[in-house]
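To start, the structure under review is shown below, and the notes come after it.
The values are calculated or read from the model by the stated rules, or taken from the named source; none is laboratory data. All values derive from a computational prediction rather than experimental measurement. Heads up, the Cβs are rebuilt from the backbone with ideal geometry, glycines too, and the neighbour counts pull from every protein chain shown. Areas reflect the complete protein model, heavy atoms only, side chains present, ligands, DNA and RNA absent. Shrake-Rupley method; radii C 1.70, N 1.55, O 1.52, S 1.80 Å.
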Amino acid sequence: MPVPTYDVLIIGSGASGGMTARTLTAKGIKCLMLDAGPTIDYDHDRVSRRVYELPYRGFGQPGRFPHVTQADEFNANVWADEKQNPYTYDPADPYYWVRVRRIGGKTLVWGRASWRMSDYEFKAKDHDGFGDNWPISYSELAPYYDKCEPIFHVSGRKEGLPQLPDGVFIEDTSTDSLSLTRFIKAAKQREIPTTKPRRATGALASSLNLLLPDAVATGNLTVVPNAVVRRLTVDKKTGLVDGADFVDRHSREERHAGARIVVVGASCLESTRLLLNSGIANSSGVLGHYLFDQFYVKSTVQAIVPEARDGKGAPGLMGGSGYIPRFRNIDSKAKDFIRGYSVDFGSGGTPGAKYFPLYGEALQKAIASHGGTGFDATTMGSVLPRIENHVSIDPVVKDAWGIPALHIQARYTDNEFNMARDAMNTLDELCHAAGFEVLEKHDQMVPPGESIHELGTCRMGDNPKSSVLNRWNQSHDVKNLFVVDGSSFVVGGSQNPTLTILALAMRASDYMAEQMRAGNL
């Protein structure tokens, strides 16, 4: 039986891989997609269980996911098994690498926040002198943002903010609760902007249901699940990649897939791990370097709206959510840090037991009294890309299929710590000005990686000596190799990166198709 030939091999099925497949197959390009995980079968993989029927009462097996704080017994089958997929780090600098190995990738679990980046990120060096600019500007990516937002049915409100460009939204016309109105007024008095969340809507809003079905329907996409890619292969005569070696996750059978072009979209660190293990695309020596993410300070401020105690809040007092976009280092310079942070805030929850220094019946009464009175704000901050924050191949540790694992070295610096402190103090001030009672405030970040927004390590740039990819997400060294996920980022913002990843993948795919038609690929 003849082996099928494909125009493009796509590795990964999440935001970047899914968008690449959707874009290319619509142009008649034959694609093969490899993904390390299984296909979702909701009838088999999802059932209803009462908490008392679960061995660990919903909390999950201790030690199974030591770095996945999002995991519990209800969603345990979603996350990558850490014993099968190990990695290493210096114990003094822990890194929480959160992975999903299923068709659809991390879009199966993302929070759907869909923010555009601006030239405060794409041209960050021009604003503050640190690091490097992207090789593209906002205006070059804007047409692709315009196309991605309708696919994901993004809702939002247009505000005209240069640091948070408006998009093609389903208009959010909802009104704010009285408690949020007070908070927003306090922010406005201090020239701090606020807006509604911008979020992909729908039942799932993932690659699995919004990108891959369209690609499959063309008849031009073949998806191979449970395919753990070992390395990319290179034609010794041409120096071009000609496919990938992979192993079946269950049978352990070794196989090879060939194609004219290879697109890697396995998620940031998995893509870089694959390139490092393949020994290609690194003439610059930059591959693996400049790892960054967003820092998170969860529940930076936990407050209550006092008049809502004991269920006495007036109708319309509580509920709803909002967003503070970056406001530092826009028109003026902050004293202790560059770049900036954003904030998710919401009203109407119930503060947890840890906020009340009580026990037993007194604690139960306090929680009941404060039911629905909460106001919570979480900070997301920009992390500076630094060359010393990097990944490399561990010389000893391998995964369950014998593939060398990653060693990750990353830590936050004073710029991030000072930013987090400023956020804490600012939110505390706003809450008091709004008439809230602050139960707790803190500036303790979660470990690097926990935000699940890892970026960099395979950065774009115009100079082949200081970057891995060009402005089209194309390898400087190997012209038929493209990397389209978050590893290509040069600078990130306080905005969640998924919408930008989608737009970059669509843009790279359009370029790829043009180059194929022209005979250059």
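For the range 460-488, give me the residue count where each residue is in contact with a Cys (Cβ under 8 Å, 6 or more places away or on another chain) and either polar (S, T, N, Q) or open to solvent by 10 Å² or more (accessible area, probe 1.4 Å) (or both). Full working, then the answer.
Applying the first criterion (in contact with a Cys (Cβ under 8 Å, 6 or more places away or on another chain)) to the range 460-488 yields 468-469, 483, 485-488.
This time we only want the ones that are either polar (S, T, N, Q) or open to solvent by 10 Å² or more (accessible area, probe 1.4 Å) (or both), so: 487-488.
Summing the residues that are in contact with a Cys (Cβ under 8 Å, 6 or more places away or on another chain) and either polar (S, T, N, Q) or open to solvent by 10 Å² or more (accessible area, probe 1.4 Å) (or both) in the range 460-488 gives 2.
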Taking the range 103-143 as the region of interest, how many residues are among the small types (Gly, Ala, Ser), farther than 18 Å from MET380 by Cβ and buried (at least 21 other Cβ atoms within 10 Å of the Cβ)? 2
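Considering the range 240-277 alone, what residues qualify as being of a type in the set (S, T, N, Q) and either surrounded by fewer than 21 Cβ atoms within 10 Å (Cβ to Cβ) or at positive phi (or both)? First the steps, then the outcome.
Residues of the range 240-277 of a type in the set (S, T, N, Q): 251, 267, 271-272, 277.
Listed by number, the residues that qualify are SER251, SER267, ASN277.
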Is one or more of the residues making up the range 65-80 of a type in the set (Val, Ile, Thr), open to solvent by 20 Å² or more (accessible area, probe 1.4 Å) and not in a loop (DSSP other than H, G, I, E, B)? no
For the range 305-332, the count of residues that are more than 11 Å from SER177 (Cα to Cα) and free of Cβ contacts under 8 Å to residues at least 40 places away in the same chain equals 4
So, restricting to strands (runs of 3 or more DSSP E) that lie completely within the range 332-449, which ones have at least 2 residues that are closer than 22 Å to GLN189 by Cα and open to solvent by 40 Å² or more (accessible area, probe 1.4 Å)? 437-441
Six or more apart or on different chains, Cβ under 7 Å: which pairs go from a residue in the range 235-258 that's small (Gly, Ala, Ser) to one that's open to solvent by 100 Å² or more (accessible area, probe 1.4 Å)? Could you list them? GLY258/THR5
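Would you mention how many residues in the range 143-165 are under 20 Å from the mean Cα position of the chain (by Cα) and closer than 23 Å to ASN329 by Cα?
Residues meeting the conditions: 3.
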Given (1) closer than 30 Å to PHE183 by Cα; (2) over 21 Å from the mean Cα position of the chain (by Cα), where does THR500 come up short, assuming only one miss? (2)
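Take the range 504-521 and flag every residue that is of a type in the set (S, T, N, Q) and either over 18 Å from CYS148 (Cα atoms) or in a loop (DSSP other than H, G, I, E, B) (or both).
GLN515, ASN520
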Here, helices (runs of 4 or more DSSP H) confined to the range 91-203 with at least 2 residues that are basic (Lys, Arg) and in contact (Cβ under 8 Å) with a residue 12 or more places away in the chain are 178-189
Restricting attention to the range 297-316, report how many residues are touching a helix residue (DSSP H, G or I) at 6+ places or on another chain (Cβ under 8 Å), open to solvent by 10 Å² or more (accessible area, probe 1.4 Å) and within 21 Å of ALA433 (Cα to Cα). 5
Report yes if some residue within the range 318-335 is modelled with pLDDT of 95 or more, aliphatic (A, V, I, L, M) and more than 30 Å from TRP115 (Cβ to Cβ); otherwise report no. no
Scope the range 317-330; condition under 28 Å from the mean Cα position of the chain (by Cα) and open to solvent by 10 Å² or more (accessible area, probe 1.4 Å); matching residues: GLY319, GLY320, SER321, ARG326, PHE327, ARG328, ASN329, ILE330
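From the list ALA36, ALA21, which one is touching a helix residue (DSSP H, G or I) at 6+ places or on another chain (Cβ under 6 Å), modelled with pLDDT of 90 or more, among the hydrophobic types (A, V, I, L, M, F, W, C) and open to solvent by less than 70 Å² (accessible area, probe 1.4 Å)? Give the derivation first.
Values: ALA36 fails: touching a helix residue (DSSP H, G or I) at 6+ places or on another chain (Cβ under 6 Å).
The unique qualifying residue is ALA21.
Name the residues in the range 39-64 that are among the polar types (S, T, N, Q) and surrounded by 11 or more Cβ atoms within 10 Å (Cβ to Cβ), would you?
Quick first cut of the range 39-64, residues among the polar types (S, T, N, Q) only: 39, 48, 61.
Within the range 39-64, THR39, GLN61 meet the criteria.
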I need a count of the residues in the range 195-230 that are out of contact with any strand residue (DSSP E or B) (no Cβ under 6 Å at 6 or more places or on another chain) and surrounded by fewer than 18 Cβ atoms within 10 Å (Cβ to Cβ). 10
